[in-house]
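What follows is a short report on a single structure.
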Amino acid sequence: MKIAIISDLHSNLEALTAVRHELDKEAVEQIYCLGDILGYNANPKEVLQMVREMNALSIAGNHDHAAVGLMSADSFNLVAKEAVLWSGTQLSEEEIEWVKNLPLVREVGEITFVHATPHHPEEWGYVLTRSHADVAFKSLKTRLCFLGHSHLPCLFEENEGLVFSEAGTVDLKKESRYIINVGSVGQPRDGNPKASYVLYDSQTNQVHFKRVEYDLPLTQKKVLDVGLPGFLAERLAMGR
Ligand code: ZN
């Protein structure tokens, strides 16, 4: 079975459209969306609608919670806060309810899907280092965990630490457990501005880290046109 995992779309319609186009060419059985559908860029409503059209099984991210008032945006930096609050104003009542009802974790067979960490999903911590991963593995009940949040695609193998951090294919060992960060569709921060997502094939036991180019100048123009901070447009081109 082949699945696709996308995360941190952040209202970037051009990036999600490009990823969707790629997924249309793959025999993907199910798409999972790991949250942060909203925030930062100019098309929260359209991106939310597209996620639903794609029948992506979704969970909530911190930006989604802040946008619909499930948490305060006061812990966000000023630019992120401005964008996330604006995101919420663009949604209908029905869409806000849909976001509010997203779970924080999904466990499906051998896989856990979560936005931040499997041990405390509601605290929005990060898995960035081997010691973070060691803590996460302790409470992980499944063989695999896909997550997002840092916008940095990478893969941790239990007892081995960070074993991979660039685009390409990784052959998983049957006897090992893994935490896999799928990177960000709508605001990559690993220095590569292309949209990031992951394919997992349970038959071949492979994880494919994918990157796809999108119409970035159009996304930047829309950010400026709706009056969001210029820095949010600039950072897209830097992949930061
Ligand atoms: Zn995010």
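The values are calculated or read from the model by the stated rules, or taken from the named source; none is laboratory data. For clarity, every value in this text was computed on a predicted model and none was experimentally measured. Quick reminder, even Gly has a Cβ in these numbers, built from the backbone with ideal geometry, and neighbours come from all protein chains shown. The area values use the complete protein model at the heavy-atom level, side chains included, leaving out ligands, DNA and RNA. Shrake-Rupley method; radii C 1.70, N 1.55, O 1.52, S 1.80 Å.
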Inspect the stretch 167-180 for any residue being under 14 Å from the mean Cα position of the chain (by Cα) and within 14 Å of the ligand (Cβ to nearest atom) and give the result as yes or no. no
Residues of the stretch 101-123 being open to solvent by less than 60 Å² (accessible area, probe 1.4 Å) and in a loop (DSSP other than H, G, I, E, B), in sequence order, are LEU102, PRO103, LEU104, HIS115, ALA116, THR117, PRO118, HIS119
Selection from the stretch 14-35 of residues within 16 Å of the ligand (Cβ to nearest atom) and of a type outside the set (Val, Ile, Thr) yields ALA15, LEU16, TYR32, CYS33, LEU34, GLY35
Scanning the stretch 108-123 residue by residue, the ones that are within 16 Å of TYR32 (Cβ to Cβ) and more than 16 Å from the ligand (Cβ to nearest atom) total 6
Flagged in the stretch 36-53 as open to solvent by 10 Å² or more (accessible area, probe 1.4 Å) and either at pLDDT below 95 or within 14 Å of the ligand (Cβ to nearest atom) (or both), in numbering order, are TYR40
Conditions (1) farther than 28 Å from LEU224 by Cβ; (2) in a loop (DSSP other than H, G, I, E, B); (3) among the aliphatic types (A, V, I, L, M); (4) open to solvent by less than 50 Å² (accessible area, probe 1.4 Å) -> ALA73 fails only (1)
Subset of the stretch 124-164, residues of a type in the set (Ser, Thr, Tyr), surrounded by 13 or more Cβ atoms within 10 Å (Cβ to Cβ) and either under 23 Å from ASN205 (Cβ atoms) or more than 16 Å from the ligand (Cβ to nearest atom) (or both), comes to THR142
Within the stretch 155-175, the residues that are within 13 Å of LEU128 (Cβ to Cβ), among the hydrophobic types (A, V, I, L, M, F, W, C) and at pLDDT below 95 are LEU162
Of the candidates VAL163, VAL198, VAL135, the one satisfying the condition of being hydrophobic (A, V, I, L, M, F, W, C), over 15 Å from the mean Cα position of the chain (by Cα) and assigned to a strand (DSSP E or B) is VAL163
Among (1) in a loop (DSSP other than H, G, I, E, B); (2) open to solvent by less than 70 Å² (accessible area, probe 1.4 Å), TYR32 falls short only on (1)
Contact list, first residue from the stretch 1-23 and at pLDDT below 95 and open to solvent by 30 Å² or more (accessible area, probe 1.4 Å), second anywhere and more than 15 Å from the ligand (Cβ to nearest atom) and not in a strand (DSSP E or B), beta-carbon distance below 8 Å, six or more apart or interchain, is MET1/GLU29; MET1/SER202; MET1/GLN203
